[in-house]
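Computed from the coordinates by the stated procedures, all read-outs in this text should not be read as laboratory data. In this text the structure is predicted, and so the values were computed from the model without any measurement. Reconstructed Cβ throughout: ideal geometry from the backbone, glycine too, with neighbour counts over all protein chains shown.
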């Protein structure tokens, strides 16, 4: 039993780590679309709509050809909050990097793991272990170093926008909410069912928002649309599914810390694809993040309720 639980936890860590790496690819690819003229808000909307359609098809297929136990009444506030968190994480981050140095925006966004741990301790009375606290500190420090924050701060060649900081904090809160609410929903639904509901809420919100903006130029541009569709499927559906699947097998606090592999993966991609060099600060940050993930992975996993296959 203990060996089976350990294998399940290891699989969960691998899934969350893979999701983080794919999110880094997603961010890099989205940046290329934005540089070609795509509107970030339309990219976010299209990702939500595509994910909702794809996951809806999966859910319907499972219901038609699989067992159909009676579902519990879904917690509407949790579903709505989860969907708003999905929409907010992208929108607030894109808005933050328009107003702040990217390094500052990333560091603020990745205070999300600390927010998750604080929420679990203060609200759900789940005190973190010492290992989790030390891993959290190492992960946040590692993200700051990977983002070259010391170099940015020492240069003095920037100004911090109050609006930019507010958007970055909104991104951190949204990301933390996504993890906490995602863990709660993942105990009741399969990953595709959890995300279908979340992206359904996010998609409805974006539909209202875009209806007030007028013509969706990005989605009507034949040179951009294929890339947006690719982003919605490969860089959205797959990593989000992996993250929720992993979240079912490890605690939210651990998943949040493992998610800091995203900026590490982004730095590695920039090194390999864009031939950007990695300075000493960034290499030290990479060591910090890897050490943090190793610490939480080797910690004895706590029992996580087996999610009910309700879809």
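Before moving on, here are some points about what is shown:
- With the highest mean first, a sort of the peptides 8-17, 239-248 on other beta-carbon atoms found within 10 angstrom per residue produces 239-248, 8-17.
- Efficiency of FRET between residue 64 and residue 220 - r from beta-carbon atoms, R0 51 angstrom, step 0.05: 0.90
- Computed packing ranks the peptides 75-81, 263-269 as 263-269, 75-81, most packed first, by mean other Cβ atoms within 10 Å.
- Rule-of-thumb Rg ratio for the stretch 148-295 [Cα; 2.2 N^0.38 Å; N residues]: 1.27
- For the chain, convex hull of alpha carbons as volume per residue, Å³: 148
- Theoretical gain in end-to-end length, residue 57 to residue 80 [0.36 nm per residue, Cα-Cα removed]: 6.2 nm
- Rg and Dmax of the stretch 76-184, based on Cα coordinates, read 14.9, 48 Å.
- Modelled spin-label separation between residue 123 and residue 169, with each label point placed 7 Å from Cα along the Cα-to-Cβ direction: 1.7 nm.
- Ranked for footprinting exposure by Cβ neighbours inside 10 Å, fewest first, 194, 32, 218 give 32, 218, 194.
- Cα-based Kirkwood hydrodynamic radius, the stretch 25-66, one decimal, Å: 11.9
- Using a simple spin-label model with pseudo-atoms 7 Å out from Cα toward Cβ, residue 294 and residue 162 lie 4.5 nm apart.
- Quotient of Cα Rg and 2.2 N^0.38 Å for the stretch 183-246, N being how many residues it contains: 1.34
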